[in-house]
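Structure, as structure tokens:
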Amino acid sequence: MRKLYAVPLGLAAAGAATFGYASVIERNWFRLRRVEVPVLPPGRPAIKVLHLSDAHLTPGRTRLIHWVRSLDALEPDLVVNTGDSLAHRDAIGPFLDALGPLLDRPGVFVYGSNDLYAPVFKNPLRYVWRTSRSDYAKRSREPSLPYRELGSSLQAAGWLDLNNRIGRLKVGGLDVEFGGVDDTHIGRGRYDRIAGPVDPQADVHFGVMHSPEPSVMDRFVADGYDLLLAGHTHGGQVCVPFYGALATNCGLDRPRVKGLHKHRGAWLHVSAGLGTSPKAPMRFCCPPEATLLTLVPR
């Protein structure tokens, strides 16, 4: 009888240990990714860009808040936030506290779906064969999270709202042009509002989005954008050793689920993100991260 129960009990113990590691240890094991991007015209000075995404913040995530706040020590020239900052109605204050001194630096942002809609429980296995895009069609169209207050707070600090907008900033001595779209994953992206060739007088051109949908990225590249920045994928969130992500939750292919890659002649950086939905609080073989991109001449 002992042998009969040994295997299922062993499997249950291994599963519990894995869940504990994924939800307690790796979920709070924040990493800084550093990459160099040869995207600037010859002779231009290098700049540092801090890419943040997918904090999915709730008021109790004090370790995440303190870690993000510490990133100001990197002295980035620009901060780019690609959305899904909130996961609770009371998270705006904690999120602004997390940014802290970073708000005094030039910054830009777009929204993600979870800045508008509170998280709900979903079977995580279904992401293997479908995305969550259709889930939002079933919800009330009225957002349940205070995303407008979030945007107003970031704008009050001087950050540019790039939701279906074009903007421009002086960053570390460079003239940077931005084009951004709201979250296409929930049908709020309106690329037609920003469509058209980039200004050749700018030193570099950023395309900013939450969900890295190839059809939208193609339009950015066709209009002349040099560097595309996105989040949303969580890097797969739960990955298999020696295989990688099981899904991307968008139209992006699995090999580019996180990190720096090329897309039709432009550079693409996809952040694996800082957090998780509080309804699925785990990461496995995919630690939470922020990225410091150093832009250098080609």
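Over the chain, what is the relative contact order in percent, taking alpha-carbon pairs closer than 8 angstrom and at least six residues apart?
Dividing the mean separation by the residue count of the chain yields 28 percent.
Taking the dipole about the Cα centre of the chain, with the C-beta of Lys and Arg at +1 and of Asp and Glu at -1, give me whichever of Trp267, Leu102, Phe178 is farthest to the positive side.
Among Trp267, Leu102, Phe178, the one farthest towards the positive end of the dipole of the chain is Trp267.
If the only charges are +1 at each Lys and Arg Cβ and -1 at each Asp and Glu Cβ, what is the size of the charge dipole of the stretch 9-297 around the Cα centre, to the nearest 20 debye?
Using only the charged Cβ atoms, the result is roughly 880 debye.
For the stretch 172-232, what does the relative contact order come out to in percent, with C-alpha contacts under 8 Å and a separation of six or more?
Relative contact order for the stretch 172-232 comes out at 37 percent.
With all protein chains present, calculate the accessible area of Ile166 using a 1.4 Å probe and round the result to the nearest 10 Å².
Spelled out: Ile166, probe radius 1.4 Å, area about 90 Å².
Return the loop-located chymotrypsin sites (Phe, Trp or Tyr not before Pro) in the stretch 174-211 (DSSP other than H, G, I, E, B) with at most 16 other Cβ atoms within 10 Å of their own Cβ; answer none if there are none.
Within the stretch 174-211, no chymotrypsin sites (Phe, Trp or Tyr not before Pro) qualify (loop, at most 16 other Cβ atoms within 10 Å).
Compute the acute angle (0 to 90°) between the alpha-carbon long axis of helix 147-156 and the principal axis of greatest extent of the alpha-carbon atoms of the chain; round to the nearest 10°.
40
Please list, in order along the stretch 204-221, the HN-Hα scalar couplings obtained from phi with the Karplus expression 6.51 cos²θ - 1.76 cosθ + 1.60 (θ = phi - 60°), rounded to whole Hz, x for Gly and Pro.
7, 10, 9, x, 10, 8, 8, 8, x, 7, x, 5, 6, 4, 4, 5, 4, 5
When DSSP assigns beta bridges and you keep just the ones with both residues in the chain, what percent turn out antiparallel, to the nearest 5?
Of those bridges, close to 35 percent are antiparallel.
For the stretch 161-298, what relative contact order do you get, as a whole percent, if you take Cα pairs closer than 8 Å and at least 6 residues apart?
18
I'd like the orientation of helix 2-20 relative to the chain: the angle between its Cα long axis and the longest Cα principal axis, in ° from 0 to 90, rounded to 10.
For 2-20 against the chain, the angle is about 20 degrees.
At a 1.4 Å probe, what is the % contribution of carbon and sulfur to the accessible area of the stretch 9-297?
55
Could you tally the net charge around Glu289, taking each other residue with its Cβ under 11 Å from the Cβ of Glu289, Lys/Arg +1 and Asp/Glu -1?
The answer is +4.
Let me confirm the definition first: pairs of Lys residues in the stretch 9-297, 8 or more apart or on different chains, C-alpha distance under 24 Å. How many are there?
Number of lysine pairs found: 8.
All other residues with a Cβ under 11 Å from the Cβ of Ala272 taken together, and with Lys, Arg as +1 and Asp, Glu as -1, what is their net charge?
So the environment of Ala272 carries a net charge of +2.
When ligands, DNA and RNA are left out and all protein chains stay put, how many square angstrom of accessible area per residue does the chain have with a 1.4 Å probe?
Per residue, the chain has 44 Å² of solvent-accessible surface.
Which one, Ala222, His88, Gly207, is farthest towards the positive end of the dipole of the chain when Lys and Arg carry +1 and Asp and Glu -1 on their Cβ?
His88
So which trypsin sites (Lys or Arg not before Pro) in the stretch 158-201 are both in a DSSP loop and have at most 16 other Cβ atoms within 10 Å of their Cβ?
Qualifying residues, ordered by number: Arg190.
The values are calculated or read from the model by the stated rules, or taken from the named source; none is laboratory data. Because the structure is predicted, anything quoted here is derived from the model rather than measured. Glycine also receives a Cβ, built like all others from the backbone with ideal geometry; neighbour counts cover every protein chain displayed. Just the protein is used for accessible areas: all its heavy atoms, side chains included, with ligands, DNA and RNA removed. Shrake-Rupley method; radii C 1.70, N 1.55, O 1.52, S 1.80 Å.
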